[in-house]
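Asks: A single structure is presented below for examination.
The values are calculated or read from the model by the stated rules, or taken from the named source; none is laboratory data. What you are looking at is a predicted structure, and each value in this text was computed from that prediction instead of being measured. Please note: Cβ atoms are built from the backbone with ideal geometry, for glycine as well, and neighbour counts cover all protein chains shown. Areas reflect the complete protein model, heavy atoms only, side chains present, ligands, DNA and RNA absent. Shrake-Rupley method; radii C 1.70, N 1.55, O 1.52, S 1.80 Å.
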Amino acid sequence: MHERRRFLRRATLALSAAVLAGCDRISQSSWGPQILGTAETLNRHVQRLLSPASTLAQEYTEADISPVFHPNGSTNPQTDEYLMLAANGFKDYQLQVDGLVERPARLSIDQLQQLAQRTQITRHDCVEGWSAIGKWHGTPLAAVLAHVGVKPAARFVVFHCFDEMDEDTPYYESIDLEEANHPQTVLAFLMNDRPLPVANGAPLRLRVERQLGYKQAKYIKRLELVSSYKDIGDGNGGYWEDQGYEWYAGI
Ligand SMILES: Nc1nc2c(c(=O)[nH]1)N[C@H]1C(S)=C(S)[C@@H](COP(=O)(O)O)O[C@H]1N2
Ligand SMILES: [Mo]
């Protein structure tokens, strides 16, 4: 597995170099700068060539589920809004969905459940060097997007979270619409057959299984459809991205 990953990394680098070599010419044309604006975007495009949109992350069996799923990052949000919701078991929770959508909505967990449901057992890989296998059950993000109707100008889904990091900066993340509509991209409310624990992101977290741990936004408060994430946070598409991590965190 490691060998294969190393091979893919190397192939990615080689391809990036090859594409970059042709890049000067491409960036003369009007669409060039948009598509090849940053090495980051390029990296994502090259990764997509190696692993197309339809690729599924590996799924595991019940026997593979880790006895402990180590909570990481925020594990106990302390904002007033979150504490109020937590105080009565998140019964009043509603996911806000707005931005570039036809029908902005507020959806309870029950309403989400009625849209569609999916279960998957997958491996979570954190950049800090640990992995864990967990069983996730929730609503595919694609079903939520279909419910609200995505406007043509929308390109990304931004996940705004309840928890605040240093200096009151809220955690946030973003993925593009291709990733958002992938069958394994799920808004999960059950973990290992039980309501998601607070430590792991209650009441609702993202599972976007082909990417690293920091993309798996916990404590989701609001989904915002945007054409660009430049005006959110420091403009790099996520809390950790604003500290220098890659936006496309492919595994
Ligand atoms: N809202 C929010 N989401 C978050 C984080 C966080 O601090 N806040 N940490 C991320 C990181 S780095 C990891 S590895 C996973 C950890 O998920 P877990 O607590 O279920 O293990 O959540 C991710 N999502
Ligand atoms: Mo992580």
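Asks: Just to be sure before I move on: is Ala199 in contact with a His (Cβ under 7 Å, 6 or more places away or on another chain) and within 13 Å of ligand 1 (Cβ to nearest atom) in the structure I sent?
Replies: no
Asks: Residues of region 228-251 being open to solvent by 50 Å² or more (accessible area, probe 1.4 Å) and not in a loop (DSSP other than H, G, I, E, B), which ones?
Replies: Result: Gln243, single match.
Asks: Something else now. Please determine whether any residue of region 162-171 is in a strand (DSSP E or B), touching a helix residue (DSSP H, G or I) at 6+ places or on another chain (Cβ under 9 Å) and away from ligand 2 (no atom under 16 Å from the Cβ).
Replies: yes
Asks: Looking at the structure I just gave you, is Ser174 buried (at least 23 other Cβ atoms within 10 Å of the Cβ) and either part of a helix (DSSP H, G or I) or small (Gly, Ala, Ser) (or both)?
Replies: yes
Asks: Taking the condition near ligand 1 (Cβ under 9 Å from one of its atoms), more than 28 Å from Gly89 (Cβ to Cβ), among the aromatic types (Phe, Trp, Tyr) and out of contact with any strand residue (DSSP E or B) (no Cβ under 7 Å at 6 or more places or on another chain), does Trp247 pass?
Replies: No: the conditions fail for Trp247.
Here is a yes/no grid of residues against (1) modelled with pLDDT under 95; (2) under 15 Å from Ala188 (Cα atoms); (3) more than 11 Å from ligand 1 (Cβ to nearest atom); (4) over 19 Å from the mean Cα position of the chain (by Cα):
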| residue | (1), (2), (3), (4) |
| --- | --- |
| Val101 | no, no, yes, no |
| Arg106 | no, no, yes, yes |
| Leu112 | no, yes, yes, no |
| Ala116 | no, yes, yes, no |
| Lys135 | no, yes, yes, no |
| Ala143 | no, yes, yes, no |
| Gly149 | no, no, yes, yes |
